[in-house]
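Peer 1: Let me give you the structure first, and then I'll get to my questions.
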Amino acid sequence: MKIIAATSNKGKVREIKSIFSGEDFEIISMKEAGLEREIEENGTTFEENALIKARTIAQLCDCAVLSDDSGLCVEALNGAPGIYSARYGGEDTTYDVKMKKLLDEISDADNRSAKFVSACALVYPDGRELVGMGEVHGRIGFEPKGENGFGYDPIFISDELNKTFAEATDDEKNSISHRKRALMDLYNKMRNEE
Ligand code: ITT
């Protein structure tokens, strides 16, 4: 089975392909499928936004479509930026700017706890829908560290790895990440559908 990954984020495509590499289905990016689209994410939860993205692309093709909606939730900011993580500090700002803004906003906070959350949705050609959820806990560092990964990875120190996701190898991040957990939750639901 071919599954189109409904995301324009190259970091997500790379991780989804790697996490599902041993399975008997093939993940294809929207670019590879010739289906690149801007999608308006107007949901109020990760789950709603994941479904909006997968449904939008599923309407354009006759294959299964997988999406990921994710974000960084910081306790000192009452869960922000959350579903607005990609738009935090402006739609077109770099992650250096977004990370600096976040570090500035929590500079006085004693509590630096944070989590990454991911909702992964799958829409089948016949319209059936499944959603998997995953979280990973950690804390916000005092400065960006590491070169791997993408997005907010340089400031997110994983409790399990005790280093930032950007200091971790791809395999280390993919073994415990919110995306891995959401995809495994989804995978179990896919197997129950068979
Ligand atoms: P698509 O909607 O096309 O999938 P996007 O990057 O806009 O791509 P989201 O709307 O889900 O995706 O926004 C996710 C935000 O959370 C974005 O700012 C990411 O950089 C950040 N994020 C999510 N997972 C992350 C991870 O594993 N590491 C670092 N940052 C992450």
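The values are calculated or read from the model by the stated rules, or taken from the named source; none is laboratory data. Not measured: the values here are computed from a predicted model. Positions of Cβ are generated from backbone atoms using ideal geometry, with glycine treated the same way; all protein chains shown enter the neighbour counts. Areas reflect the complete protein model, heavy atoms only, side chains present, ligands, DNA and RNA absent. Shrake-Rupley method; radii C 1.70, N 1.55, O 1.52, S 1.80 Å.
Peer 1: Could you go through the range 40-47 and let me know if any residue there is farther than 21 Å from Y152 by Cβ, within 13 Å of the chain's Cα centre (by Cα), within 12 Å of the ligand (Cβ to nearest atom) and not small (G, A, S).
Peer 2: Scanning the range 40-47, I find no residue that is farther than 21 Å from Y152 by Cβ, within 13 Å of the chain's Cα centre (by Cα), within 12 Å of the ligand (Cβ to nearest atom) and not small (G, A, S), so the answer is no.
Peer 1: Would you mind finding the one in V136, V131 that is at pLDDT 95 or above and closer than 23 Å to I27 by Cα? Walk me through how you get there before you give the answer.
Peer 2: Working: V136 fails: closer than 23 Å to I27 by Cα.
Just a single option satisfies the conditions, and that option is V131.
Peer 1: Related question: If you check Y84, Y95, which single one turns out to be of a type in the set (F, W, Y), farther than 19 Å from G132 by Cα and exposed (fewer than 15 other Cβ atoms within 10 Å of the Cβ)?
Peer 2: Sole residue among the options that is of a type in the set (F, W, Y), farther than 19 Å from G132 by Cα and exposed (fewer than 15 other Cβ atoms within 10 Å of the Cβ): Y84.
Peer 1: Exactly one of these conditions fails for R139: (1) part of a strand (DSSP E or B); (2) near the ligand (Cβ under 9 Å from one of its atoms). Give me its number.
Peer 2: (2)
Peer 1: I want to confirm something. Restricting to the range 36-80 and keeping residues that are polar (S, T, N, Q), closer than 30 Å to N111 by Cα and not in a loop (DSSP other than H, G, I, E, B), which single residue is least open to solvent (accessible area, probe 1.4 Å)?
Peer 2: In this case the residue turns out to be N49.
Peer 1: For the range 144-160, check the following and say yes or no: at least one residue is within 13 Å of the ligand (Cβ to nearest atom), of a type in the set (S, T, N, Q) and outside any loop (DSSP other than H, G, I, E, B).
Peer 2: Yes, there is a match, as at least one residue in the range 144-160 is within 13 Å of the ligand (Cβ to nearest atom), of a type in the set (S, T, N, Q) and outside any loop (DSSP other than H, G, I, E, B).
Peer 1: Here's another thing I want to ask about it. Residues of the range 166-194 being within 14 Å of the ligand (Cβ to nearest atom), farther than 13 Å from S18 by Cβ, open to solvent by less than 70 Å² (accessible area, probe 1.4 Å) and in contact (Cβ under 8 Å) with a residue 40 or more places away in the chain, which ones?
Peer 2: Residues satisfying the conditions are I176, H178, A182.
Peer 1: Being within 16 Å of N9 (Cβ to Cβ) and out of contact with any helix residue (DSSP H, G or I) (no Cβ under 6 Å at 6 or more places or on another chain) is true for just one of E105, E129, E91. Which residue is that?
Peer 2: Answer to the selection: E91.
Peer 1: Can I ask one more? Name the residue, out of I83, I28, that is closer than 20 Å to L183 by Cβ, of a type in the set (V, I, T) and not in a helix (DSSP H, G or I). Steps first, answer last, please.
Peer 2: Details: I83 fails: not in a helix (DSSP H, G or I).
Going through I83, I28 in turn, the sole match is I28.
Peer 1: Going residue by residue through the range 120-131, is there one that turns out to be within 12 Å of the ligand (Cβ to nearest atom), free of Cβ contacts under 8 Å to residues at least 24 places away in the same chain and open to solvent by less than 40 Å² (accessible area, probe 1.4 Å)?
Peer 2: Residues of the range 120-131 that are within 12 Å of the ligand (Cβ to nearest atom), as a first pass: 120-121.
Remaining after also requiring free of Cβ contacts under 8 Å to residues at least 24 places away in the same chain: none.
Within the range 120-131, none of the residues are within 12 Å of the ligand (Cβ to nearest atom), free of Cβ contacts under 8 Å to residues at least 24 places away in the same chain and open to solvent by less than 40 Å² (accessible area, probe 1.4 Å).
Peer 1: For residues in the range 86-119 being within 15 Å of the ligand (Cβ to nearest atom) and in a strand (DSSP E or B), which is nearest to F150 (Cα to Cα)?
Peer 2: Once the filter is applied, the top-ranked residue is F116.
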